[in-house]
1. Name the strands (runs of 3 or more DSSP E) wholly inside region 10-67 in which the number of residues that are buried (at least 20 other Cβ atoms within 10 Å of the Cβ) and touching a residue at least 24 places away in the same chain (Cβ under 8 Å) is 3 or more.
2. Yes or no: residue 120 over 20 Å from residue 32 (Cβ atoms), at pLDDT 95 or above and not in a helix (DSSP H, G or I)?
3. So which of 141, 182, 187 is within 19 Å of the chain's Cα centre (by Cα) and at positive phi?
4. Quick check on region 204-240: of everything there that is among the β-branched types (Val, Ile, Thr) and crowded, with 16+ Cβ neighbours inside 10 Å, which residue is modelled with the lowest pLDDT?
5. Find all pairs meeting these conditions: Cβ atoms under 7 angstrom apart; at least six residues apart or on different chains; first residue within region 144-163 and among the polar types (S, T, N, Q); second residue surrounded by fewer than 24 Cβ atoms within 10 Å (Cβ to Cβ) and assigned to a helix (DSSP H, G or I).
6. Of the numbered conditions (1) of a type outside the set (Val, Ile, Thr); (2) modelled with pLDDT of 90 or more; (3) touching a strand residue (DSSP E or B) at 6+ places or on another chain (Cβ under 8 Å), residue 164 satisfies every one except a single condition; which is it?
7. Kindly indicate the residue of region 57-81 that is touching a strand residue (DSSP E or B) at 6+ places or on another chain (Cβ under 8 Å) and charged (D, E, K, R) and also farthest from residue 4 (Cα to Cα) among those meeting that condition.
Amino acid sequence: MSALLEVKGVSRFFGGLAALTDVSFSITKGEVLGLIGPNGAGKTTMFNVVNGFYAPSKGEVLFKGERISGLKPHQICQRGLARTFQVVKPLQRMSTLDNVVASAFLRVKSKAEAVAKAEEILKFTNLWDDRAMISKSLPLGKRKRLEIARALATDPELLLLDEACAGLNPSELDESVVIIRGIKARGITIMIIEHHMKVIMSISDRIVVLTYGQKLAEGTPEQIAHNPEVIKAYLGEDNE
């Protein structure tokens, strides 16, 4: 099966600092790829390169066989690649529903279509009862879900989730896992950064491990869980 996303020899430098060094991996359509590593390993930098916030200093990113490195984030989103952010940024003075409606306009032309799409997504993400609430008033767990809902409204083929489960309580965690599995069931491919190891191990088909901006390992959750180099890289890290 051909790759949906290919990261080929990507490096990213900030001044003299290498945040990423010669990282390569690919994602096939329909799978969940976990991206893990200790703090400062380069995970969010990789997301920023993939979705166009940063251009790679070396290497390239291909999406559906087309080079997207160098394009702007909105151009990449139009091609079917959406992301969420570690620090959630809803349109704070707008309602939950209107936040999602705004994103839906990427694909639809009429307000009626945008509202219909947004309402369906709010039901899917269990935010329907909060549709009229001003988004800045939502608790963190629901703001995280709103971030996912806004990304889904752009009809992505590939969704990048940046710590969608960070800061959630156990019941919110369980709910998020159900939603992520539901996204996969819709045929949407997922790349996810997550520090909750139980979550990442339970939802990922494959996992890529970064450390110091380099790829340390790649494999199934079981292979990664028993990889001595990965275990060594995480010693002293709080990953629960």
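The values are calculated or read from the model by the stated rules, or taken from the named source; none is laboratory data. Here the structure is a predicted model, which means the values were calculated and not measured. No Cβ is skipped: glycine too gets one built from the backbone with ideal geometry, and neighbour counts run over all protein chains shown.
1. Values: elements: 17-28, 32-36, 58-63.
Answer list for region 10-67: 17-28, 32-36.
2. When the stated conditions are applied, residue 120 does not pass them.
3. Of 141, 182, 187, the one residue that is within 19 Å of the chain's Cα centre (by Cα) and at positive phi is 187.
4. 230
5. From residues that are among the polar types (S, T, N, Q), the pairs are 154/77; 154/103.
6. Checking residue 164 against (1) of a type outside the set (Val, Ile, Thr); (2) modelled with pLDDT of 90 or more; (3) touching a strand residue (DSSP E or B) at 6+ places or on another chain (Cβ under 8 Å), the one that fails is (2).
7. So the residue we want is 58.
Residue-by-condition table, conditions (1) farther than 29 Å from residue 181 by Cα; (2) at pLDDT 95 or above:
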| site | (1), (2) |
| --- | --- |
| 15 | yes, no |
| 24 | no, yes |
| 27 | no, yes |
| 38 | no, no |
| 49 | no, yes |
| 62 | no, yes |
| 69 | no, no |
| 73 | no, no |
| 82 | no, no |
